[in-house]
Amino acid sequence: MSLAGLFAALSLPLAGQAGAQSTIAAAVAKPVSLPDIAIGSSKAPITIHEYASMSCTHCAAFGENVFPMLRSRYIDTGKVRFVFREFPLDAAAAAASILARCISKDDPEKYLSVVETVFKLQDRLMAEPKETLYFVGKQNGMSEQDVAACESDRAMIDKLGADQRFAFNILKVDSTPTLFINGQKHKGAMSFEELDAILKPLLKR
């Protein structure tokens, strides 16, 4: 399936309206169609859900500049459970998400490693999506035929589309990155200092 065909198949909306915060907070905690990419203690007092697109420059900046400190200070110390969820804004991002799923077989650490790689290749992904996906696949032991088969996985495409429609319609996600911190939505990029200021008070409750 071509990238354009993949995007058409997903039929993903990109605009929305506000909903009740309490309803959203309850909904974000529910399992979605694809297995969650989650790291950190399941008993952590704080849970962060990040909705991100592989083509989003702000998401890449968050991954490079904020996530390492979030991980070392909060996730690895048992204070935060971090859940990464896909919200692809275009065909290339959707294809990259599907490839990451195929490579990682839903292993969270492997998935996040692929995300890190794709973010570093973001400009290349947008300019030459097919070639970049083949390159990432080859780095992870996949042939071009393997990548093509992965991208044609109808069940995966359908689940990715269902999860994005859920995020859009129920959680009111319409841009990336969007963070849900214990169910409270925060839109747009933020520095570690801004995130830290949100997290610290939650640990005192």
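Using the charge dipole of the chain (Lys, Arg: +1 at Cβ; Asp, Glu: -1 at Cβ; taken about the Cα centre), state which of Pro129, Ala38, Leu202 has its Cα farthest towards the positive end.
Going by the Cα projections, it comes out as Leu202.
For the chain, give the magnitude of the charge dipole about the Cα centre (Cβ charges: +1 Lys/Arg, -1 Asp/Glu; no others), in debye to the nearest 20. It would help to have the intermediate numbers written out before the result.
Numbers: 23 positive and 23 negative charges, 181 e Å.
Here the chain has a charge dipole of around 860 debye.
Mind checking which of Gln139, Ser104, Val83 is farthest towards the positive end of the chain's charge dipole, using Cβ charges of +1 (Lys, Arg) and -1 (Asp, Glu) about the Cα centre?
Projecting each Cα onto the dipole axis, the largest value belongs to Val83.
HN-Hα J couplings of segment 83-98 from phi, Karplus 6.51/-1.76/1.60, θ = phi - 60°, integer Hz, Gly and Pro as x?
10, 9, 10, 7, 9, x, 8, 7, 5, 5, 5, 4, 5, 5, 5, 5
What are the ³J(HN,Hα) couplings of segment 145-153, residue after residue, when phi is run through the Karplus curve with 6.51, -1.76, 1.60 and θ = phi - 60°? Round to Hz, x for glycine and proline.
Along segment 145-153, the couplings run 5, 4, 5, 4, 5, 4, 5, 9, 5 Hz.
Assuming a ≥ b ≥ c are the square roots of the Cα gyration tensor eigenvalues, decide whether the chain counts as rounded (a/c under 1.5), prolate (otherwise, with a/b larger than b/c) or oblate. Walk me through the numbers on the way to the answer.
Values: a/c = 1.87, a/b = 1.45, b/c = 1.29.
Since a/c reaches 1.5 and a/b is larger than b/c, the shape of the chain is classed as prolate.
Convert each backbone phi in segment 107-113 into a coupling constant with the Karplus relation 6.51 cos²θ - 1.76 cosθ + 1.60 (shift: θ = phi - 60°), then list the ³J(HN,Hα) values in order as whole Hz, x for Gly and Pro.
6, x, 5, 5, 4, 5, 5
Which one, Met69, Ile181, Phe192, projects farthest toward the positive side of the charge dipole computed for the chain from Cβ point charges (K/R +1, D/E -1)?
The residue sitting farthest along the positive end of the dipole is Ile181.
Sum -39500 (n - 2.57) across every DSSP H segment of at least 4 residues in the chain, then divide by the residue count to get the 222 nm mean residue ellipticity, nearest 500.
-15000 deg cm²/dmol
Return the long-range amide H neighbours of Asp36 (sequence gap of 5 or more, or a different chain), with a cut-off of under 5 Å between placed amide H atoms.
The list, which skips near neighbours in sequence, is empty: none.
Computed from the coordinates by the stated procedures, all read-outs in this text should not be read as laboratory data. Just so you know, these numbers come straight off a predicted model, no measurement behind them. Using ideal geometry, Cβ is built from the backbone for each residue, glycine included, and neighbour counts are taken over all protein chains shown.
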